[in-house]
1. If r is the Cβ-Cβ distance from A:Lys16 to B:Asp175 and R0 is 41 Å, what FRET efficiency results, to the nearest 0.05?
2. How far apart, in nm, are two points set 7 Å out from the Cα along the Cα-to-Cβ line at A:Lys269 and at B:Leu76?
3. Per residue of B:72-84, what is the mean number of Cβ atoms on other protein chains within 10 angstrom of that residue's Cβ?
4. Name the shape class, rounded, prolate or oblate, that the alpha-carbon gyration tensor gives for the range A:60-229, where a ≥ b ≥ c are the square roots of its eigenvalues, rounded holds for a/c under 1.5, and otherwise prolate holds if a/b is larger than b/c and oblate otherwise.
5. Going through the cross-link list A:Lys84/A:Lys243; A:Lys48/A:Lys96; A:Lys110/A:Lys151, which pairs have a Cα-Cα distance over 21 Å in this structure?
6. Among A:Val318, B:Val226, A:Val336, what is the fewest-to-most ranking by other Cβ atoms within 10 Å?
7. Once you place label points 7 Å from the Cα toward the Cβ at A:Glu256 and A:Arg83, how far apart are they in nm?
8. Per residue of the range B:165-179, what does 6.51 cos²θ - 1.76 cosθ + 1.60 with θ = phi - 60° give for ³J(HN,Hα)? Whole Hz please, x for Gly and Pro, Karplus curve as stated.
Amino acid sequence: MKMFRLTTNLFKELSKNKMRSFLMMLGIIIGIATLVIILAITQGANKKIMARINIFGPNAIMVHSGGGKMRGPSSVSEANLTRKDLRDISSIEDVKIVAPFQVKLDMPIKYQSKFTTATVMGAMPNWANAWKRGASKGDFIQTEDVELLKKVCVIGETVKNEFFANSNPIGTDLLIGKVKFRIQGILQKRGASPAGTDFDNLIIIPFSTASRRLMNQPKYIAMMRVIVDDPSHLKIISKQISKVLRRNHHLAFQEEDDFKLTSSTQIVKMIKGVSNTLHIFLLLIAGLSLIVGGIVIMNIMLISVSERKKEIGLRKAVGARSKDILLQFVLESLAVTLSGGILGFIVGILGVKIMELVTSTPAAVSWEALVLSFGFSFIVGIIFGVQPARKAARLDPAEALK
Amino acid sequence: MDKIIQAKAITKIYSKNGSITVKALQNVSLDIEKGEFTAIMGASGSGKSTLMNIIGCLARPTSGEYFLDGGNVNNLSDDDLAKIRNHKLGFVFQQFHLLPRTDALENVELPLLYSDRSDITKLAQQALEIVGLKDRIHHNPAELSGGQQQRVAIARALVNNPEIILADEPTGNLDSRAGLEVISVFQRLHAEGKTVILVTHSQEIAEHTNKIIYIKDGKITGDESVQKPLNARDELENLTKETEVTE
């Protein structure tokens, strides 16, 4: 009851001097708003990373032909991975699947009088396991298809919708380049990547057919997808693969790799590398704002204690104990920082919304942000409120009333 | 009669800057009976305010003993003193010391915030009624005259139903009419059985009490009973008549 009465007076006290109260809150508002925005960006980035990793596969390593910087899939024209590479990688311990595939982007596809372009991949049956993606209808590429160089294909949803709308395309023929292929299955839907790549604008044909009949690359393999038994082995196995390939490709010590390995750890590194500097900078702003805000509050509270000497003396004269005065001033400081925290949280959410609209960066305001906002406001209120409150509580009533 | 206040050989020494010491009170002894209306009179610097601070448990004597309502106050903790101020004492100051931008009712409620009472608004309204400010309860101090402000302060002193009202120059900032109004409130409270102690430098004001204790240079120089105390209410009526005549 007593506590409640003291608390209800706080906001009256703050509203008596609105400008001062607002200035006291400003640092906290900026600090908390920045904090909320950072958290939202981090959460958004994490979501993005998780989405990318899930699409990529958390326990997958992609082996690209050709060195240089990381980019999209390697096309057959630059293929330089050998069958020996494939065998050697397969024999590395803890490697579960090695799925070689040929890739050609934007191949012309024709059905009756309709044209489109799609990515065409020549794959072994294990492609389905390596990507956890098989045929949703009909059959995927079978061992027999590869052995007999069959001209069959499995088409993605985008291709299917382009040509066949709602009718069943299985058993019909279409032209990839100038070669006729029979459709034997529909590929499971995958959707688009966060970057906008359509994973369903894809046609899978047997590996051998692609190498010999369509893409003219009988010797080399464009890409391999390696699946390991456990994501924690990614780093070691990547190193082993790199070693095997360098040896097989007779690369001298100072020569650069003529292949490229990517795995989820590298994707995470790449995305985080960009955002980390920004995060550190923003965190610094948030921290400094909170500290400066706290110091401002402490200063104004100290001035306020001097100004309100008579009030403090009077309160003591009518029966306030030192701890009542201490409590009153700590609560006043807390009222400032918590109000500032709430305002800061609202400003932060607005900031996040504006940022989403302007930059279309994914961001997410979470309940953790709310808890942290309250937590930091509380801590700042206590840390910077105690000193002025103690000064007030220590005042001698007879002196203060003079 | 019961002695509600008993001061025995009280000395209060202030030290300024560590080296210079000021003896505000020297060997002061005094008794005040329950229900008495007493004036402590002296010039400024005589130590009368120091004496009032000690009687009001706002300061501790350097030496000597002080009994309030039979209990020795010397050994009590600060928190206990705060409790005594809250329960047994009501203060009225020369500068009123009302909280600014806070209405009369809330000002009067203030002592109750530090008590265990729950009916604070009702008690505060009653106290304001006693001092004749029932229709001013939602006025801020800035909207009240000096006399009204001092009466709010008296209501604040009364709200806890204390044994003793301590008033330090309560008329010092008021014109004679407002001063008389305030004194008449004290006289009424005395008539109702409260112990009232009035600190003043004015003989005229002191004549309204039943007993005057003189203090000079930190020492009590004597006391006298007032045979026929002035009646503030009568004086107010005379004042009104005089104004009517001159007009």
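Coordinate-derived values only; no laboratory data. None of the values given here were measured: they were computed from a predicted structure. Note that each Cβ is placed from the backbone with ideal geometry, even for glycine, and that neighbours are counted across all protein chains shown.
1. The pair A:Lys16/B:Asp175 has a calculated efficiency of 0.90.
2. Roughly 7.4 nm, to one decimal.
3. On the way: counts 0, 0, 0, 0, 0, 1, 5, 4, 1, 4, 12, 2, 1.
Per residue, the number of nearby Cβ atoms from other chains is 2 on average.
4. Prolate, because a/c is 1.5 or more and a/b exceeds b/c.
5. Details: A:Lys84/A:Lys243 14 Å; A:Lys48/A:Lys96 27 Å; A:Lys110/A:Lys151 15 Å.
Long pairs (Cα-Cα over 21 Å): A:Lys48/A:Lys96.
6. Values: A:Val318 26, B:Val226 16, A:Val336 29.
Sorted ascending by nearby Cβ count, the order is B:Val226, A:Val318, A:Val336.
7. 3.1 nm
8. With coefficients 6.51, -1.76 and 1.60, one gets 9, 10, 10, 9, 6, x, 9, x, 9, 10, 6, 5, 5, 4, x Hz.
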